[in-house]
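Bear in mind that the values in this text are calculations on the coordinates, not laboratory data. No experiment lies behind these values; they were computed from the predicted model shown. Using ideal geometry, Cβ is built from the backbone for each residue, glycine included, and neighbour counts are taken over all protein chains shown.
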Amino acid sequence: MAGGRRRLFFALWPDETVRAQLAALQERLPQAQGRWVHPEDLHLTLQFLGSVEPGRQACIAEAARAVQGEPFELEIDRIDFWSKPRIAWAGPEAVPRPLKRLVRMLAKKLEPCGFEPERRPYKPHVTLVRKSTPVAAMKLPEPILWAVEHFVLVESRPNGDPPHYRPVEGWPLGD
Ligand code: ATP
Ligand code: MG
């Protein structure tokens, strides 16, 4: 990871099938007005890092390598809306324990790199629409089954045209 500062975050990155299913959820929100997330940008954030100087980028990759996770299945079964950030999102009703553990372990391994662990409770979600008008909460009749086998470090370039996010490196969960 050579170069200058980069805006980075850890995420779960859907495969093409799950991505298409998530994009199809966006089409269930025709009543929403806002900034639709580009289908290629759909993701689930594990931990946001922000603008990272080159000196810390090796530490981050090292932290990710040290994480011992396990594969798990994520059931995306609801759509909901948060009024403060004004986002419409999709997510799991039940948060799988391996996901909680992954986020906790990642935070712990990142501490020596100078990242404070997030204090707010972790609420896994895939943002579908930003700056959205309110969307009624809804249980999905057919949940999306997302088999999670790896996690990625993503670079964010919020300026310019979408897609804004690009996975730069990935690590498997389990062997
Ligand atoms: P913009 O900030 O211009 O709306 P964005 O939020 O899509 O763009 P980033 O700010 O780079 O892009 O965020 C990348 C990912 O990290 C998104 O999933 C975003 O929700 C999440 N994120 C951003 N800031 C934080 C934060 N302070 N805490 C937790 N997650 C964050
Ligand atoms: Mg942001």
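Over the chain, DSSP H runs of length four or greater, each weighted -39,500 (n - 2.57), average out per residue to a 222 nm ellipticity of -7000 deg cm²/dmol.
Distance between the pseudo-spin-label points of Met138 and Val168 (7 Å out from Cα toward the beta carbon): 3.7 nm. On full extension, the segment bounded by Lys131 and Arg119 gains 1.9 nm, given 0.36 nm per residue less the C-alpha separation.
Using a/c under 1.5 as the rounded threshold, could you call region 88-165 rounded, prolate or oblate? The axes a ≥ b ≥ c are square roots of the C-alpha gyration tensor eigenvalues, and prolate needs a/b larger than b/c, oblate otherwise. Oblate shape, in that a/c is at least 1.5 and b/c is the bigger or equal ratio. Label separation (Glu62 vs Asp175): 2.6 nm, computed from points 7 Å beyond Cα along the C-beta direction.
How high is the FRET efficiency from Lys108 to Arg35, r the C-beta distance, R0 25 Å, rounded to 0.05? Once rounded, the FRET efficiency stands at 0.15. Taken over region 122-175, the ratio of Cα radius of gyration to 2.2 N^0.38 Å equals 1.51. Site pair His150 and Glu73 shows an inter-label distance of 2.2 nm when each label is modelled 7 Å from Cα along Cα→Cβ.
Pop the C-beta distance of Trp82 and Asn159 into the FRET formula with R0 = 25 Å and round what comes out to the nearest 0.05. My answer for the efficiency is 0.55. Principal semi-axes of the equivalent ellipsoid, √(5λ) from the alpha carbon gyration tensor of region 39-174, are 26, 19, 14 Å from largest down. For the chain, a Gaussian network of Cα nodes joined below 10 Å ranks Lys109, Lys84, Lys131 by mean-square fluctuation, and the top entry is Lys84.
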